[in-house]
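For reference, the structure discussed in these notes is given below.
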There are 4 protein chains.
Amino acid sequence: MSLNTFGHLFRVTTWGESHGPALGCTIDGCPPGVEISEAGIQTWLDKRKPGQNRYTTQRQEADAVEILSGTFEGRTTGTPIQLMIRNTDQRSKDYGDIAGKFRPGHADITYWQKYGIRDYRGGGRSSARETAARVAAGGVARAALAHLVPDLTITGYMVQMGPHAIDRARFDWDQIGRNPFWTPDAQAAGDWAAYLDTLRKSGNSCGAVIEVTAKGTPPGLGAPVYGKLDTDLAAAMMSINAVKGVEIGEGMAAAALTGEANADEIFMGNDGRPVYSSNHAGGILGGISTGQDVVVRFAVKPTSSILKPRATITKAGEPAEIITKGRHDPCVGIRAVPVGEAMMACVLLDHLLLDRAQTGGQRGAIG
Amino acid sequence: MSLNTFGHLFRVTTWGESHGPALGCTIDGCPPGVEISEAGIQTWLDKRKPGQNRYTTQRQEADAVEILSGTFEGRTTGTPIQLMIRNTDQRSKDYGDIAGKFRPGHADITYWQKYGIRDYRGGGRSSARETAARVAAGGVARAALAHLVPDLTITGYMVQMGPHAIDRARFDWDQIGRNPFWTPDAQAAGDWAAYLDTLRKSGNSCGAVIEVTAKGTPPGLGAPVYGKLDTDLAAAMMSINAVKGVEIGEGMAAAALTGEANADEIFMGNDGRPVYSSNHAGGILGGISTGQDVVVRFAVKPTSSILKPRATITKAGEPAEIITKGRHDPCVGIRAVPVGEAMMACVLLDHLLLDRAQTGGQRGAIG
Amino acid sequence: MSLNTFGHLFRVTTWGESHGPALGCTIDGCPPGVEISEAGIQTWLDKRKPGQNRYTTQRQEADAVEILSGTFEGRTTGTPIQLMIRNTDQRSKDYGDIAGKFRPGHADITYWQKYGIRDYRGGGRSSARETAARVAAGGVARAALAHLVPDLTITGYMVQMGPHAIDRARFDWDQIGRNPFWTPDAQAAGDWAAYLDTLRKSGNSCGAVIEVTAKGTPPGLGAPVYGKLDTDLAAAMMSINAVKGVEIGEGMAAAALTGEANADEIFMGNDGRPVYSSNHAGGILGGISTGQDVVVRFAVKPTSSILKPRATITKAGEPAEIITKGRHDPCVGIRAVPVGEAMMACVLLDHLLLDRAQTGGQRGAIG
Amino acid sequence: MSLNTFGHLFRVTTWGESHGPALGCTIDGCPPGVEISEAGIQTWLDKRKPGQNRYTTQRQEADAVEILSGTFEGRTTGTPIQLMIRNTDQRSKDYGDIAGKFRPGHADITYWQKYGIRDYRGGGRSSARETAARVAAGGVARAALAHLVPDLTITGYMVQMGPHAIDRARFDWDQIGRNPFWTPDAQAAGDWAAYLDTLRKSGNSCGAVIEVTAKGTPPGLGAPVYGKLDTDLAAAMMSINAVKGVEIGEGMAAAALTGEANADEIFMGNDGRPVYSSNHAGGILGGISTGQDVVVRFAVKPTSSILKPRATITKAGEPAEIITKGRHDPCVGIRAVPVGEAMMACVLLDHLLLDRAQTGGQRGAIG
């Protein structure tokens, strides 16, 4: 990881601002021979695309991806893949009045302090539009994973909106695609819709908690001690805009457990592979995957662009009040779901390649 | 970050197992001219050292550090610093009976699956003894920070033990060094002592939440979008043994806030620098430090080595029951406090150097 | 360096094939506030552009660069800079007959063996067109260097074509821009023109030696022992297509000298800075710049695409004969001159940033 | 590569100074299950050890290696391997009189300028003693290669001493181990002995050219375009002390060839694998190995520590004359032979792992 690059071997470098001509990513290190297409990657981008329902920003972006390099006759060549997405609906005028003020909760002030230069149009590089490039990269990672580990599935979903968490007893995988919040709890989806309408009308916003589960992850991915799978997942999720917390398995709640309660007991499964009595560990022990579901959760803070007036200062150091108009998501967590999935895909593929490098993919035998 | 190396420019590579002859770290990229000494680094190691009170493992390790390279006449030369700590109290016999079984909650099974070889003596590389090397590296990082940013202070403390959180109303910085739990809440210290005694007697263990605060962090440290300061802090903390969750500022609780409540309003301070009405952000906006306190929290799961019998399997795939004798911390969170501080020091120094590289340390003017 | 990325802090990732829609580079880590423009970068690209005289390929490429990200109001923002160059004159039909054969001296066979997939149109990723992206990146590096070290100048020139070396006694810096070979020896330029005409008429090609000199390099750039300035220069130059040898200062000829002859004696200059009696070292001692001219040389092999029939095999393993038609440089060394300059610029800027990170740019005093 | 670390996946970080208590290396990323032992590594160190004959420094160092971590029951565990070599014969007094002067041709002046601090005892970090750590790392790399590619052999030898090159017509692999110069030309060995005696008596020194050949390298190692096998070999060799030039295959002489002469024609071998009419390419096309011998050459400059008085300056900027007493190699090239072999082993193993990561080791079929 180096500023705008993520990954050890499957390396993704994203580039572009919300209000420049385009944004995209350069992917280096993808295995050769993987079938990818613009249509295939577009599927994932469409999940993240703004303006799809009344709970997300009304900015209209086609988010149409172009593959500029790295493929030949529909398959990856092993050389860098350039994915470009043109910005088509910038409306810079929306931002004119905030050029001289720092929006609370935004990167305006820190970018200014660090770089002495600031693209004030919509946050520039700090805009959540950057995550479109991640989702595109995740589409390539998913295609490579489908090639290498066909049984692996990655699913993200929302488990809390504002203060309202789902009821795990109602968890239904089939519900996830059927509501605008990607939540497995149909009843929560209804409650959240009402909650979000109220928030939006009052010009306010809320945060969310997203969970991403990878089923079918092979055992043995990860490494001691700074290259742990959970270390890289934590970095991946924390690097998403607005994320303030990351949890693996039991997460912060692990602190409250006793060792007895927390132990995932081990048994021999009928297929000759170890099974576990529970998954407090989130599928990772000592930084290495166990073969259980890999489970990551992250919290997204409430959208900082709100219509409620907040106190701030100008570049000249004068006090000011600010209202952030424009077209903003009342809960950015909704569109963070496919982003979290994309980061999970990139991390798992990266570790699959790292493992193949060091061990050749061989596993120590049990039984 | 690459397997056992942490950091972009201040790069720490730790090495060594719990039951080998020695462990240590190689530090590359330290600025020259920094005064360091074995005695100075030892100060930090002594905070982490086992056997200091009845709440930590009774393993007796001097944890005496030797500087093998990288200094001349008491100052760093800018070349690699090798810090070695001899293991002196290995007692491999304690581990003989677990050689063929996988301890639940430990890395035994994943190391075996990945590498096909396993140093069963005390966890080998996955042992928490590796953190001694981190603390040593943190001592060097602190010395360099003292040189470059004299006003910066880094303090770790425990804010929750098992299910028992501190009362923030009783928070007293001066209490932190006065109890065996490094907690700012004197009353909690008393309650926890009783709780831990009970746990230990029953052969059980508990988790904890540690918070680390860096005061005096300059604004402008960090970078978009994968080199964010919070991304690297999340990776740093998640890489510590037994950590299952990491939070920046408001953390997971940010999800429950509204945008209005979460906004840290900005004012101009009397000294001509921005001040904020609150610090939900934990001192980081858009991945870059604001100049406020940088606040990180992490949860440590309960010690997996307990005297309660748990179900497991043997290498041959046979069912077995296991009790982990030996000398273990009933709450590894206590000794994780100095480790968290060390990681904070390494990350901040690393980002200070990264920022100096790119911007020369210049800041955009406000006012 | 990681496959298609070059540099530690000023990191350039190039992407694109000779016959895809576009190629370019993503630059990460550029200092903010540097003035760059498409016109400015184009200046350097035009030096490398094909079809400028009868000694280079007649392929017509505008090589027009577009800045897609990383600038605001004409200055770099410190975020990733995307430079894109559209391919406009692909003529894939020229390559149809070689799709099934491996051209000797080309990467056809090794790409096929490694990736099991091969973009046979003009070499794909292994095409020298990739160097256009390097030259574009070099343009940005030069702009940043002009900002940070105004006195630094980087000049490349040809010192040997085929077996014909220049006469150093005739070395004239002013001649370099006045002949199609970028050579400081006007008489050699004339001889080479005749030599190259003969070669081209016979369908043959030749190699060349290019030298790049950086005047005004500050002392103190570089680092022990794998991050040496000469190590990175060697890597930079060897990574250019067709390069087979790299020399620093005296280069391979250093082997034949005695220690007495090779010693660059040190004196105190009138300006209070050290001066040297000679520069066998090429401006680098122990991997670190002395402040003298940094001098690098590299040899380019003869163009492998020639009209002379050569024996080869097909993908099916059948023997075949091949003639490489198409539009090829009889001496690719000519267009390698601006590429060598670009790599020198990237390496020096990268090491300037690395040095600033570790030492803050402070120097040990002499006198 | 990052200052003192070499390699992408098989990462070697060396540490230590010539006159500190010890030096060594930390190896991260080694495959698990490789048999290594101190005795096995010592074999390679003994080839480099000083004081073995009258042509190398009379400094007496046992160069005894200790494995401090990363193995269990004689096999690598996949975790960091720490190799330590104690310095036993420092004799700092030999260097007392040069503490205030800068030795021409040495890193004294550049280290001072860069770091403002200098370990003047024998060069400190810039001493050739650092190469002992490389040879130790190379011993581990060779063991891993023996495991993964049993037919691969790596052999270094001297092909030129001072101005005296070997006669390739007399090249005999069996001679290499039979003379103190590791040369395949028995007659040259005799001539060189006389030459070196004369040089040494006059207090002078000379340079050398070393060639390293890897037979049995699989095709497909390397990558475009900055991760080329030749790029990494060039970096590896140029990073060795005193090296001023690196060549692959035909090297600098490639410039003088025509395309017709330089083309390595391709045929189908009897074993169903491609064979080549010649090896001007040095076994690498487009940065990727062909399966032919990989051939690298590097030039070592003459030892800078000579008894001939040379002009220099003191730290105070005063003119001075210097003679470097102490125990120095009249031709450091001799001891550079095992160092070059070690670097070749590290690079090949690293690229073998990189290739396994990306392609799984599969090869495109020919025939």
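The three principal axes of the Cα atoms in region B:313-367 give end-to-end lengths of 68, 27, 18 Å, sorted in falling order. Given 37 °C and 0.692 mPa s, how large is the Stokes-Einstein diffusion coefficient of chain B in µm²/s, with Rh as the Kirkwood radius over Cα pairs? The estimated diffusion coefficient comes to 152 µm²/s. Counting from the shortest, the label point at residue A:46, 7 Å from Cα toward Cβ, is 4.6, 6.6, 7.0 nm from the same position in each remaining copy. Over all distinct Cα-Cα pairs of region C:192-293, the Kirkwood formula returns a hydrodynamic radius of 16.0 Å.
What you get for the protein assembly as shown, charging only the Cβ of Lys and Arg (+1) and of Asp and Glu (-1), is a dipole of about 0 debye around the Cα centre.
Could you check how much of the accessible area of region D:1-144 is carbon and sulfur, as a whole percent, using a 1.4 Å probe? Accessible surface attributable to carbon and sulfur in region D:1-144 totals 49 percent. From its DSSP helices (H runs of at least four residues, each -39,500 (n - 2.57)), chain C gives a residue-normalised ellipticity at 222 nm of -8500 deg cm²/dmol. The Rg/Rh ratio of region D:40-85, with both radii computed over alpha carbons and Rh defined as the Kirkwood radius, is 1.12. A straight line joining the Cα centroids of region B:145-215 and region C:287-342 runs 65 Å. Annotation for residue B:360, label-to-label distances across the other copies: 1.5, 5.2, 5.4 nm (shortest first, one decimal, point 7 Å from Cα along Cα→Cβ). Summing charges over all other residues whose Cβ lies under 9 Å from the Cβ of residue D:311, with Lys and Arg as +1 and Asp and Glu as -1, gives -1. Scanning chain A for the Cβ atom closest to the axis that brings A onto D yields residue and whole-Å distance A:357, 2. Volume per residue of the convex hull around the Cα atoms, evaluated for region D:1-66, comes out as 114 Å³. Using the Cβ-Cβ distance between residue B:273 and residue A:54 with R0 set to 30 Å, the FRET efficiency works out to roughly 0.15. Per-peptide packing, taken as the mean over residues of other Cβ atoms within 10 Å, places B:64-77, A:225-238 in the sequence A:225-238, B:64-77 from highest down.
When only alpha carbons of region A:79-213 are considered, Rg and Dmax amount to 19.1, 52 Å.
The three principal axes of the C-alpha atoms in the protein assembly as shown carry coordinate ranges of 84, 69, 65 Å, sorted with the longest axis first.
Residue separation of residue B:73 and residue B:43 scaled by 0.36 nm, minus their Cα-Cα distance, works out to 8.8 nm of gained length. Charge tally around residue A:364: other residues with Cβ under 9 Å, Lys/Arg +1 each, Asp/Glu -1 each, net +4. With a Förster radius of 22 Å, plug the Cβ-Cβ distance of residue C:363 and residue D:318 into 1/(1 + (r/R0)^6) and report the FRET value to the nearest 0.05. That pair, residue C:363 with residue D:318, gives E of 0.75.
Distances, shortest first, from the label point of residue A:277 to those at the same position in the other copies read 5.1, 7.4, 8.2 nm; the point lies 7 Å along Cα to C-beta. What does the charge count around residue D:125 come to, taking other residues whose C-beta lies under 9 Å from its C-beta (Lys +1, Arg +1, Asp -1, Glu -1)? Result for the neighbourhood of residue D:125: -3. Apply the membrane-span-like helix rule to chain B: whole DSSP H runs, Cα extent along the own long axis of at least 30 Å, mean Kyte-Doolittle hydropathy at least -0.5. List the helices found. Length and hydropathy pass: B:333-359. Per q in 0.15, 0.23, 0.30 Å⁻¹, report the Debye log10 I(q)/I(0) for region B:220-278, using one uniform scatterer on each alpha carbon and no solvent. With no solvent term, the Cα-only Debye profile gives -0.67, -1.05, -1.10.
Comparing region B:165-243 with the 2.2 N^0.38 Å rule of thumb, its C-alpha radius of gyration ratio is 1.44 (two decimals). Take the Cα radius of gyration of region D:128-271 and divide it by 2.2 N^0.38 Å, N being the number of residues; the result is 1.22. Shape analysis of region D:129-193 based on the Cα gyration tensor places the equivalent ellipsoid semi-axes at 27, 16, 8 Å, largest first. Can you tell me the FRET efficiency between residue C:174 and residue A:168 if r is taken as the Cβ-Cβ distance and R0 is 56 Å, rounded to the nearest 0.05? So, using R0 = 56 Å, E works out to roughly 0.10. The equivalent ellipsoid of region C:270-367 has semi-axes of 46, 16, 12 Å, largest first, where each one is the square root of 5 times an eigenvalue of the Cα gyration tensor.
The values are calculated or read from the model by the stated rules, or taken from the named source; none is laboratory data. Model, not experiment: these values are computed from the prediction. Neighbour counts are summed over all protein chains in view; Cβ atoms, including those assigned to glycine, are modelled from backbone coordinates with ideal geometry. The protein model used for the area step is the full one, side chains on, heavy atoms only, and it has no ligands, DNA or RNA in it. Shrake-Rupley method; radii C 1.70, N 1.55, O 1.52, S 1.80 Å.
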